[in-house]
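Scroll down for the structure; my scribbles are underneath it.
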Ligand SMILES: Nc1ncnc2c1ncn2[C@@H]1O[C@H](COP(=O)(O)OP(=O)(O)OP(=O)(O)O)[C@@H](O)[C@H]1O
Ligand SMILES: [Mg+2]
């Protein structure tokens, strides 16, 4: 995609932004019509005022003056009403467009594969969906339509000025080249400082977000003072960037005022030069003077605003380019599979499967294993051995490079993705809970799951007691990421969540080995109940949880080194499982 930053104008990009106004063309046309009428109406009003002077005031024609005063007044009211609609329509157009765009962006982000999120930080994506969108809305509210309006107004005013008195027009326009130069300098200065402001706002966001999320870390390592200092530095940059833009405005606006005063001065000079010339009508001169005082004001205002508006427009274009870049990412897991009528109660087969998150760093190497119908297979192995990676493949969260995985004999990629994921429930290693009630965290908004089912599942898992004891029970809000619950409790909630969906295949990735004995017993019980009669894969850190598994697979650096039941593996002299088992037993004593 082409870069906007370097270029003043990118037609293709603009067309694309503009395509989002399609459903709202009426609003767009409404705003444009208002703009158009306004750009003619304002100079026309001046013309009326001029007439008041030349035709009525000079001739002391009171009835005529009164009539014209009423007409001007009505025109003014009409102008005000139009101005209201102009601003209103342009602003709501911007809001409609970004609403659609934001919804599209979010839906698109949710479709992207996990690998995309490994590479793109949360803060960046949040910025795209929130603040970049605001800049896009300003293309419509403060950028484009206003620019068209300002330019039309300029043309209109200039046309009326030349038509009224072209010599005088040329005379009072003498300071305009200086104004254009000043505007250009201002535009550049303001653009640079706006960019700096945006960068510093983004660092502020990231900093605050990260430190508040990791507040425990800040406290544990007593980093309060250092973090405060680092934060002060970012704020200093933010302040300086803002002050630079304040400077630019503070200089530019008075300069414009001086230049417009200069034009007014030139107007007076012209009148003085003309007033004594023979054959010059005093009435016409007075009328021209009145009109030009108003015209000069009308001329300078849009020029002054244009610099600002072009920046707004350009920032909006940069914002939209960033948003489109995400919309154009097609990093999705291919969904070419058509099989939807699978019963999912057959066996799961891994044949010579190799997988790397980033080739060629293979984290799983030539895996061969089978999980038979209704069986519970447990994986154990050191941290980083590749246990979680196996379930990442089975749920097609990542794609493997070699070998084949089949369920009921059907290749994983031939199964329709949604069907696959509906039938496999995964309890992830780091349990994620939304800032919501326990109940909603279990059902995830699925209305088909009744409260009775949730309670029954909680009782089965053994979590009903602790949930009932919480204030408001199932309606207890667990706050961000379940911060108000213990690790073991969160794990139990995740179990209930998986259970109420009654999946055909269940995968449990045990969160942690560091859990108190009471919770350990609870979880051990829960796992036994959940996996009973269901094809299950359990990844365990505590061997106590998997003693009863039909098959235990020991993984080391992505390779299977031992397979067997507890009773078989425990007999292997020098076996990895046996060593681990003895080690954990010692730890208990
Ligand atoms: N998203 C990722 N991108 C790149 N590499 C990854 C990613 N996730 C894991 N890895 C790497 O893959 C390897 C296996 O990780 P995996 O999460 O499968 O280990 P694990 O056996 O589940 O460990 P643990 O017991 O700590 O949960 C590790 O070396 C890890 O660094
Ligand atoms: Mg893991």
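At-a-glance table
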| read-out | value |
| --- | --- |
| Any hit, the stretch 251-258, residues being farther than 23 Å from residue 157 by Cβ and at pLDDT 90 or above | yes |
| Filter pass, residue 409 being touching a helix residue (DSSP H, G or I) at 6+ places or on another chain (Cβ under 9 Å) and either without any contact (Cβ under 8 Å) to a residue 60 or more places away in the chain or away from ligand 1 (no atom under 11 Å from the Cβ) (or both) | no |
| Options 86, 118; residue that is touching a residue at least 60 places away in the same chain (Cβ under 8 Å) and within 16 Å of ligand 1 (Cβ to nearest atom) | 118 |
| Given (1) under 43 Å from the mean Cα position of the chain (by Cα); (2) modelled with pLDDT under 90; (3) over 30 Å from residue 142 (Cβ atoms); (4) surrounded by 14 or more Cβ atoms within 10 Å (Cβ to Cβ), index of the condition residue 311 fails | (3) |
| Residue in the stretch 389-407 that is at pLDDT below 90, touching a strand residue (DSSP E or B) at 6+ places or on another chain (Cβ under 9 Å), outside any loop (DSSP other than H, G, I, E, B) and under 29 Å from residue 578 (Cα atoms) present | no |
| Among the candidates 479, 557, residue that is within 16 Å of ligand 1 (Cβ to nearest atom) and either surrounded by fewer than 18 Cβ atoms within 10 Å (Cβ to Cβ) or at pLDDT 90 or above (or both) | 557 |
| In the stretch 378-391, the residues that are more than 12 Å from residue 558 (Cβ to Cβ) and surrounded by fewer than 15 Cβ atoms within 10 Å (Cβ to Cβ) | 383 |
| Some residue of the stretch 392-402 being more than 16 Å from ligand 1 (Cβ to nearest atom) and buried (at least 17 other Cβ atoms within 10 Å of the Cβ) | no |
| Which listed residue, of 210, 134, is closer than 30 Å to residue 34 by Cα and under 22 Å from the mean Cα position of the chain (by Cα) | 134 |
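Every residue, every condition in (1) within 16 Å of ligand 2 (Cβ to nearest atom); (2) assigned to a helix (DSSP H, G or I); (3) out of contact with any helix residue (DSSP H, G or I) (no Cβ under 9 Å at 6 or more places or on another chain), yes or no:
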| residue | (1), (2), (3) |
| --- | --- |
| 110 | no, yes, yes |
| 118 | yes, yes, yes |
| 123 | no, yes, no |
| 134 | no, yes, no |
| 144 | no, yes, no |
| 154 | no, yes, no |
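One line per residue, one yes/no per condition, for (1) exposed (fewer than 14 other Cβ atoms within 10 Å of the Cβ); (2) farther than 21 Å from residue 287 by Cα:
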site: 39; (1), (2): no, yes
site: 50; (1), (2): no, no
site: 61; (1), (2): no, no
site: 68; (1), (2): no, no
site: 74; (1), (2): yes, no
site: 81; (1), (2): yes, yes
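The values are calculated or read from the model by the stated rules, or taken from the named source; none is laboratory data. Every value quoted in this text rests on a predicted model; they were computed, and no experiment measured them. Quick reminder, even Gly has a Cβ in these numbers, built from the backbone with ideal geometry, and neighbours come from all protein chains shown.
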